[in-house]
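What follows is a single structure, written as structure tokens, with notes after it.
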Amino acid sequence: MSKQRNFAMRSMVALAVASAFPLAQAQEAPASKDQLETVIVTAQRRAENIKDVPMSIATIKGDKLDTLTAGAGDIRILSGRTPSLNIESDYGRAFPRFYIRGLGNTDFDLNASQPVGYVMDDIVMENAMLKGFPVFDVDQVEVLRGPQGTLFGRNSPAGVIKFDSAKPVFKQEGYVQFGVGNYSAKTAEGAFNIPVSDTVALRFAGTSQHRGNRVHNTNPDTTKGTRDFEGYGDNAFRIQALVKPTKDFDALFNYHQRNYHGSATLFRANILKQGTNDLVDNFDYGSYPTDGVNYQKLKTQGGSIRLKYNLSDITLHSITGYEKLDFNSRADVDGGYGAVYAPPYGPGRIPFVVETADLLPNHKQFSQEFRAESNYSGPLQWIGGLYYFNEAIQIDSISFDSLAPGNPQNIPYARQNQKSKSWAAFGSVNYAVSDKLKLRAGLRYTDDKKDFFASRTDYNAANVLVTVPHTLDSKTDNVSWDVSGTYELTKETNVFARIATGYRAPSMQGRLNGLGDVPTMAGVERALSYEAGIKQDLFDKRARLSATVFQYRMKDKQLTAGSGGVNMNRLLNADKVTGQGIELDLQANLGYGFSGSAGYSFNDTEIKDKNVRVQYCGNGANNLGMGCTPTNVAAPGYPGYVLIDGNDMPRAPRNQANFSLKYSTEVGNGELYAITDWSYRSKYNFFLYTAVEYTAKPLTEGGLRVGYKWGDGKYEVAAFGRNITDKVVALSAIEFNNLTGMLNEPRTYGATFKMNF
């Protein structure tokens, strides 16, 4: 069956499901006491009912968010919990990578840009190290699917993840929560809101998450390497002050900080069985034989000032943000001990030693937005503003290949310095043509400038230490726009359509592996997206349905390719990448104490460039016979390269589904509840090329939480489990060495106690 026919059939199914519900609603209208609460979002920089916003949006909040975060999981817990969203990492808790509708970036370099924007409390977090801030005291998470190039700007052609923390209020409230779990896990979280006066309110919130080591080093040489792994300590807090001297003016001050230390991701050598994508026989999650040193340290801190002033017809906003971070991560990339030229070695064949550290000793980000919006009544409403962004980064990548010939002093390293500046002017208008038809349009002009320096310090052929420098720069501009509309079929049903564009600024990389290597740059990427859908309240607002069909085209898509036999990325542009799919979201109060949600997405992506070629896995001279089994066509005249025309985008599962069900009932003087949640995703390619070993297996993961609340909700005790079936599969891999893989989290369980006040 062709992709076009397959997509057409799925689209018809989605629309059939959506159109079937009005009849069901007409036949049944239960009592309204169990109506779903109205969901308010700020996807268009205004507070609006989610049903009235003409784009595909999902939210995560309340019981669903509490259940996902019960085990102190990092932001990756949101992966697959809403349609078309995937999150993974090669750095564990520190460096999440986001994918929406199959679009993301597998680059592991510390200055890698992503096509999914990340906004925390109205501040764009550009560097990936800022995007892993722990999830606590959060009011709502919004997933905005499709290009967000007008109101959120550059580097969001795939969508935006938007986090909104709970804000200070003028009453005393708060909570504390303590938890314990397997692997000696201990957590504490809390928030305290204090009204200092009639005009000032403070909110303190924090979390402390700790886990013991759960993987033991079984290397026969006990004098080398780190002994135990995968423990961590993750502490973060947020302080907010709301100052509201008059009804027309308020200022919100935000300061936040994170201090994380733990193990870097474990790169497990030879855990993929050659010729299949199975884990090797008798694989043991709890053991990891290595002669390397492993640690990870991350400190972030930042703040923002948000000013809001209501004039008679206009509201003015000023949003100032500043972020900085310090990161140091060292890991045994070859995933084992020794090498073929330095026995003993294992597990399996270790062709060469790779142990590296990545440091981000200098990072600073500043942003400023001024925005004005109409607040009068009438059919025409508008938003206009200016935005400025400035970021400076220094990255050091250090080699510790103590067994490698030619590197006796362990000091070869690569350095990258990057400075980015951007400014933009944007605006949007909403016009109510009638009570039923409402149209929107937006426009944004962006100017980007980036200066980049990369160097490699290493020993030359004469064993003399030398440094070879390189420079790159770019200056680009772009106009993004969108047009959308909503039509009210009935009071319960809206249909919408949207055409939108997006833009990603040029990207540069210089993790140089040798003196002869040069940095690479991928030019501007642009997106054009079409989507249409229906949003519907059902059964007297006891259920809510959203269904969307979409297609998009990415021009000059930025891609990240490995280098086959060395630990270095190469950036390139593909002529075109296309995508199409459907998204379904359903929430419902089912009665008799039951409520639930379900979601499904189909994402069909395709790289379209007959000339683009990439090096495939493990084709280095020292790795003969231990590479993967590529299934793409070899590139004529380029040994070790394959063509990727027609491939899906990497780490982009075609099918995703999620389901949750809650049951609650009164017991004694309190409420007993049970919540289960499940997610499924189909297989995907690890890299741009396809290979038998580097194809992720389908994965289904489930969670369970059972608890009891009493004292009018003041006290709560609960037991939880995550990945309760203990399904463990490879999520990604190291392609250049020895069938090395990284795994999902194993089963965790524990209990929590919470007190509200």
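The values are calculated or read from the model by the stated rules, or taken from the named source; none is laboratory data. What you see is a predicted model; the values in this text were computed from it and never measured. With ideal geometry, Cβ positions are generated from the backbone for all residues, glycine too; neighbour counts draw on all protein chains shown. The accessibility values were calculated without ligands, DNA or RNA, using every heavy atom of the protein model including side chains. Shrake-Rupley method; radii C 1.70, N 1.55, O 1.52, S 1.80 Å.
Can you list residues whose amide H is under 5 Å from residue 505's amide H, if they're 5+ apart or on another chain and H is modeled 1.01 Å from N?
Amide H neighbours of residue 505: 155.
Return the Cα extents of the stretch 544-617 along principal axes one, two and three, sorted largest first, each rounded to a whole Å.
59, 27, 14 Å, listed from the longest principal axis down.
When only alpha-carbon atoms count, how far does the stretch 627-757 stretch along each of its three principal axes, as whole angstroms with the largest first?
The principal-axis extents, from largest down, are 76, 26, 26 Å.
Heavy atoms only, probe 1.4 angstrom, no DNA, RNA or ligands counted: give me 700, 356, 548 ranked by accessible area, highest first.
Values: 700 60, 356 25, 548 0 Å².
Result of the area sort, largest leading: 700, 356, 548.
Ignoring trypsin sites (Lys or Arg not before Pro) that are buried or in helix or strand per DSSP, and keeping those with at most 13 other beta carbon atoms within 10 Å, what is the longest stretch of the chain between them?
Here the longest segment lacking exposed loop sites spans 248-435.
Provide the descending list of Cα extents for the stretch 166-285 along its principal axes, expressed in whole angstroms.
So the three principal-axis extents are 68, 30, 24 Å.
Averaged over all directions, how much area does the convex hull of the C-alpha atoms of the stretch 507-550 cover when projected, in nm²?
Working: hull surface 24.4 nm².
Spelled out: convex hull of the Cα atoms, projected over all directions, averaged, 6.1 nm².
So if I take the centroid of the Cα atoms in the stretch 419-472 and the same for the stretch 308-323, what is the distance between those two points in Å?
Using only Cα atoms to place each centre, the spacing works out to 25 Å.
Read phi for every residue in the stretch 423-440 and hand back ³J(HN,Hα) as whole Hz from Karplus 6.51 cos²θ - 1.76 cosθ + 1.60, θ = phi - 60°, with x for Gly and Pro.
Running phi through 6.51 cos²θ - 1.76 cosθ + 1.60 with θ = phi - 60° gives 9, 8, 10, 9, x, 8, 10, 10, 9, 8, 5, 8, 5, 9, 10, 10, 10, 9 Hz.
Give the long-range amide H neighbours of residue 684: residues separated by 5 or more places, or on another chain, with amide H under 5 Å away, using H modelled in the peptide plane at 1.01 Å from N.
Residues meeting the criterion, in which the H sits 1.01 Å from N, are 696.
Hey, can you grab everything whose amide H is under 5 Å from the amide H of residue 39? Only 5+ residues off in sequence or another chain; H modelled, so Pro and N-termini drop out.
Here the answer is 50, since their amide H atoms fall under 5 Å of that of residue 39.
Give the share of C-alpha pairs in each 5 angstrom bin for the stretch 695-757, from 0 to the last occupied bin, in whole percents, shortest bins first.
Percent of Cα pairs in each bin: 4, 15, 17, 13, 12, 10, 9, 7, 6, 3, 2, 0.
Spelling out what I want: for every residue of the stretch 261-268, take phi, set θ = phi - 60°, compute 6.51 cos²θ - 1.76 cosθ + 1.60 (Karplus), and round to whole Hz; glycine and proline get x.
Rounded to whole hertz, the list is 9, x, 8, 6, 4, 7, 9, 8.
Debye sum, Cα scatterers, the stretch 124-182, no solvent: what log₁₀ I/I(0) at q = 0.14, 0.17, 0.29 1/Å?
Here the Debye-derived log intensity ratios amount to -0.60, -0.77, -1.30.
Please work out the Kirkwood hydrodynamic radius for the stretch 679-731, using every pair of different C-alpha atoms, and report it in angstroms with one decimal place.
Roughly 14.0 Å, rounded to one decimal.
As I understand it, the value is the acute angle between the Cα axis of helix 3-27 and the longest principal axis of the Cα atoms of the chain; what does it come to in degrees, rounded to 10?
That helix lies at roughly 30 degrees to the long axis.
State the Cα centre-to-centre distance between the stretch 511-577 and the stretch 339-390 in whole Å.
Here the answer is 15 Å between Cα centres.
What do you get when you divide the Cα radius of gyration of the stretch 222-323 by 2.2 N^0.38 Å, with N the number of residues?
Working: Rg = 24.6 Å, N = 102, 2.2 N^0.38 = 12.8 Å.
Normalised Cα radius of gyration, the stretch 222-323: 1.93.
Compute the Rg to Rh ratio over the stretch 65-145 from the alpha carbon atoms, using the Kirkwood formula for Rh, and round to two decimal places.
0.92
Please give the per residue accessible area of the stretch 534-639, computed with a probe of 1.4 Å over protein heavy atoms only, in Å².
Accessible area per residue, the stretch 534-639: 39 Å².
Once phi is turned into θ = phi - 60°, what whole-Hz ³J(HN,Hα) does the Karplus curve with 6.51, -1.76 and 1.60 give for every residue of the stretch 74-79, x standing for Gly and Pro?
7, 5, 5, 4, 7, 4
Give a quick list of chymotrypsin sites (Phe, Trp or Tyr not before Pro) in the stretch 344-388 that DSSP marks as loop, anything other than H, G, I, E or B, with at most 14 other Cβ atoms within 10 Å.
376
Given the whole protein assembly as supplied and a 1.4 Å probe, what does the accessible area of residue 748 come to in Å², nearest 10?
30 Å²
Could you give the semi-axes, largest first, of the ellipsoid that matches the stretch 126-222, computed as the square roots of 5 times the alpha carbon gyration tensor eigenvalues and rounded to whole Å?
Values for the stretch 126-222, descending: 33, 27, 10 Å.
Taking only protein heavy atoms into account and a 1.4 Å probe, give the accessible area per residue of the stretch 87-183 in Å². Before the final figure, lay out each step's value.
Details: 1810 Å² over 97 residues.
Computed with neighbouring chains in place, this is 19 Å² per residue.
Points 7 angstrom from Cα along the Cβ direction at residue 423 and residue 462: gap in nanometres?
So the two model labels end up 4.9 nm from each other.
Quick one: Cα centre-to-centre distance for the stretch 127-205 and the stretch 692-757, in angstrom?
21 Å
Using only Cα atoms, figure out Rg for the chain and give it as a multiple of 2.2 N^0.38 Å.
Details: Rg = 26.0 Å, N = 757, 2.2 N^0.38 = 27.3 Å.
Normalised by 2.2 N^0.38 Å, the Cα Rg of the chain equals 0.95.
Kindly count the pairs of lysines across the stretch 465-566 whose alpha carbons are less than 21 Å apart, treating pairs on different chains or eight or more residues apart as eligible. Each step should come with its number before you reach the end.
On the way: 475/555; 475/557; 491/535; 491/541.
Lysine pairs meeting the criterion: 4.
What translational diffusion coefficient, to the nearest whole µm²/s, does the stretch 365-520 have by Stokes-Einstein, given a Kirkwood radius computed over alpha-carbon pairs, a temperature of 4 °C and 1.567 mPa s viscosity?
65 µm²/s
Once neighbouring chains are kept in place and the probe is 1.4 Å, which whole percent of the accessible area of the chain is contributed by carbon and sulfur?
Carbon-and-sulfur percentage of accessible area, whole number: 57.
Using alpha carbon coordinates only, what is the Rg to Rh ratio of the stretch 580-673, with Rh defined as the Kirkwood radius? Walk me through the numbers on the way to the answer.
Values: Rg = 24.2 Å, Rh = 18.0 Å.
Result for the stretch 580-673 is an Rg/Rh of 1.35.
Considering all projection directions equally, how large on average is the shadow of the alpha-carbon convex hull of the stretch 469-513, in square nanometres?
Details: hull surface 24.0 nm².
With the hull built on Cα positions only, its mean projection is 6.0 nm².
Quick one: accessible surface of residue 261, probe radius 1.4 Å, all protein chains present, in square angstrom to the nearest 10.
Residue 261 exposes around 90 Å² with every protein chain in place.
Run the numbers for residue 284 and residue 483: contour at 0.36 nm per residue of separation, minus the present Cα-Cα distance, in nm.
Full-extension gain reported as 66.3 nm.
Among 416, 426, 728, which residue has its Cα positioned farthest towards the positive end of the charge dipole of the chain, with +1 placed on the Cβ of Lys and Arg, -1 on the Cβ of Asp and Glu, and the dipole taken about the Cα centre?
426
Quick one: accessible area per residue over the stretch 387-521, 1.4 Å probe, rounded to a whole number of Å²?
Per residue, the stretch 387-521 has an accessible area of 45 Å².
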